[in-house]
Every structure is written in C-alpha cells, then in structure tokens.
Amino acid sequence: MEKREGEETENGTTQEKGSICGFDSLYHLLQTSLSPQLFQEVNRILLGLNCGKKLESIALPQPVKALSANHDFDLQAFSFSADKESLRGPRIVRVGLIQNSIALPTTEPFLNQREAIFQKLIPMIDAAGSSGVNILCLQEAWTMPFAFCTREKKWCEFAEEIDGESTKFLQQLAQKYSMVIISPILERDVNHGETLWNTAVIIGNHGNIIGKHRKNHIPRVGDFNESTYYMEGNTGHPVFETAYGKIAVNICYGRHHPLNWLAFGLNGAEIVFNPSATVGELSEPMWPIEARNAAIANSYFVGSINRVGTEVFPNPFTSGDGKPQHADFGHFYGSSHFSAPDASCTPSLARHMDGLLISDMDLNLCRQLKDKWGFRMTARYDVYADLLGRYVKQDFEPQVISDPLLHKSA
C-alpha cells in the first residue's frame, strides 16, 4: 500500500495531507464526533432522504474490496431507489465515478507520466467492471497533470485525437465489461488546424465511440488560465442515448452556469456527469451545493468528480492576481459524489486519496419528481426566451422601475 504524505499539527500529531483534521471527509468527521442520534438528524439535513429513507449501502464482492485495499483507493457504494410503479418496471442502472491523483512527478517524461496514470487506473476500472458498473466517468483531463495554470505550451503535447491512445486504452476495458465510459481528455482537432479542446469522449459498452462533447464554459479566475490552451466548445448540449440511459457531460466550470445544466435537461438527460478539477481555496464551499441544486431543478441524477492531490510544476508561475509566484495550483480536494432529483445525495469520497464511488439509481425517479414538482410545467420558458433574446442585443435596456421620489431633491 502506497504511503501518503503526512503533515504535522499544532499538537505534534501527524495527519494525512489533504484530510479534514485527519478525517477522510466531512461526513466521517461528523459521524465520529456526534452521538448516533444527533448524527442521524444532521445526516438527514446534509444528505437528505431518498424516498423518505436514508440511502442504503451496497455490498460489493470481496475481490473488489481486495483491489481497493491492495491499491489504496477509497471504495464506497450506495443505492438510490424510486417508488414502485404499476405500469413501468424499475430502470436500475449502476454508475461509477473515479477520482485520482497523478502517478508521477510533473518533471518526468510526458510519455511516462501518461502511462503511469493508465496503469494506476486499471485496478480501479477493474473494480468498477467487476462490481457490475454500467456507466463509468473519469475526471477532467484525466490523462495528464492539470497544467493549464502554468500557461506553458509544452503541456499541449498531452493533447490527442478523439481516437487516440487513451480512447484505445479505454475501449478495451469498455468492451471487456460491457461498460459505457466517459473519458474527458485534452483533444487535438487535426481536421481544424490542430485546434485544442477540452473534450469528453463517450465510449459505448461495445467499445465503440458514441460521440464527444466539448467544454462550454472556460474559466478566467485565479490560476485557471485555460483559455491559453482552448476556448469555449462548439458542440452545444448533446445528450447521448446509451444502452443504459440518456447521459450528458457538463464539464467542470459549466457547473457554475444554471442555464448550462438546464439545456442538458431540456434535451432529455437522465444522468449528467460533471468531471472537474477544482481546488479547495477557490470552490470547496460551492462543491456540494451546485450539483445537488442542478439535480433538483432539472429532475435528473448528477455525478460530480474531482481530482485529488497537489500537483507541483517545474517552473513557478503567477496569474495576475497579486499573489507571489508559486509552483502548484493548490489542493484538489476529491470529494466526488452523486446527487439525485429528490434532493438526496451520497456521502463524498475522500478528500485526500484516490477513490471509486458506485451507485445504483432507478431512473424512474426522474419522471416521478417531474410529476411531483412540475418544474417543467410551471416554468416560463417563453418569458425567459424573450428576455434573453433582448439581452443579447446591443440596445438592451434592463427592466428597472425606479421609485419616482428616489431622485427628487429634499
């Protein structure tokens, strides 16, 4: 088992770097610190109830647990249920999320770095496949360090075509386990002047390429200097109909844009994945809120994935934000989780270690929540469309009604 780096606390004890006061997650901190009765009530508020009950854990095969122990990754599994219907049978699909740190220092040869990540993920993907996972999503730009903070163009070498090495690697595993795999990569579009894109490749359960989606929103905040490498995507809001359900991919920064979530829902998504790379100082308070809100508002399931660890780069960099030069982005805090349309969600994976999160979900819950809340029926899309149509024009004037006494002299 690989030993993770520790850090010393004020009282001289050692805890794992990236943990929360020595705990894997906020969930485990509260579970340990509170009485069972109090924790039950806190858990009800924090994670919600699925069909009026606490989420049930799934028992996984012993060989899968052995893979987790031998390769040192967090392994958790839960089940979302739906109410029994008279005219439809259950539509249960098993879904997995993988979060991981890079495998070698960023100073190593690029080919070695990529191959080491491939080898690191094999036991985690094997664990997913052996657990019967139908759809598996990896983290944003999983084949490389998240080097876009540096603005150095050498990292463009990690870019590959849609049918490149990472796709070929995953196609074999997808076919082996009859598993749909979402593979977010740095894409090189050879047919359009070698343009780079932040892209998710959708690999079907027969090992075929179903399609791709390119990241719609590119951040320009803090060290997220991604527009140095690629710009906003041009693939719209596609929903991919797979053997196991209709899925979509809202890549990273798109989770901050409610209309982006809405568009995938309007196109019929039942599960939306949010592969990400985000650091604690910038976004951690937002992380458990945005995806859960999207699941509620759009009546679909959301799988949120974040990478893990602190990636140190050879050359210090700055981002014009007044901070001194530094060589790392900050700590990628993992904490991958699932959210359901009924406001329930799973506990998160660890904040400081690799992990595989598995969930059974009955897709009937999507329609049941649409019927219950009527968000689509009560929405005013015609009104929103009118406002947006006027807003994008240069002569737009906000609809502001001022108090007539506001500007009168005393």
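The values are calculated or read from the model by the stated rules, or taken from the named source; none is laboratory data. The shown structure was predicted, so the numbers you read here are calculated from the model rather than taken from an experiment. All Cβ positions, glycine included, derive from the backbone under ideal geometry; neighbour counts span all protein chains shown. All accessible areas refer to the heavy atoms of the entire protein, side chains included, with ligands and DNA or RNA removed. Shrake-Rupley method; radii C 1.70, N 1.55, O 1.52, S 1.80 Å.
Of the peptides 311-317, 353-359, the ranking by mean beta-carbon count within 10 Å, highest at the top, reads 353-359, 311-317.
Computed packing ranks the peptides 141-154, 339-352, 188-201 as 339-352, 141-154, 188-201, most packed first, by mean other Cβ atoms within 10 Å.
Of all DSSP-defined beta bridges confined to the stretch 139-213, some 95% are antiparallel rather than parallel.
With contributions of -39500 (n - 2.57) from each DSSP H run of at least four residues, the per-residue ellipticity at 222 nm computed over the chain stands at -8500 deg cm²/dmol. For the stretch 39-74 versus the stretch 128-142, the inter-centroid distance based on Cα atoms is 17 Å. Packing, as the average of other Cβ atoms within 10 Å across residues, places the peptides 250-259, 88-97 in the order 250-259, 88-97, highest first. Given 0.36 nm per residue, what is the gain on full extension from Glu152 to Leu30 after removing their alpha carbon distance, in nm? The Glu152-Leu30 span can extend by a further 39.8 nm. Taking Phe329, Phe23 and ordering them by how much accessible surface each has at a 1.4 Å probe, largest first, produces Phe23, Phe329. Of all DSSP bridge pairs formed entirely within the stretch 88-243, close to 65 percent run antiparallel.
Label the stretch 290-410 by shape, choosing from rounded, prolate and oblate, from the square roots a ≥ b ≥ c of the eigenvalues of the Cα gyration tensor; if a/c is under 1.5 it is rounded, and otherwise prolate applies when a/b is larger than b/c, oblate when it is not. Taking the square roots of the gyration eigenvalues as a ≥ b ≥ c, the stretch 290-410 is oblate. Taking 0.36 nm per residue of separation and subtracting the current Cα-Cα distance, fully stretching the chain between Ile209 and Thr318 would add 35.4 nm.
Set against the labelled values (i) -0.75; (ii) -0.66; (iii) -0.56, log10 I(q)/I(0) by the Debye sum over Cα atoms at q = 0.09 Å⁻¹ computed from this structure falls on (iii). Annotation: the antiparallel percentage among DSSP beta bridges lying fully within the chain is about 65.
Projecting the Cα atoms of Gly309, Gly129, Pro145 onto the charge dipole of the chain (Cβ charges, centred on the Cα centre) puts Gly129 farthest toward the positive pole.
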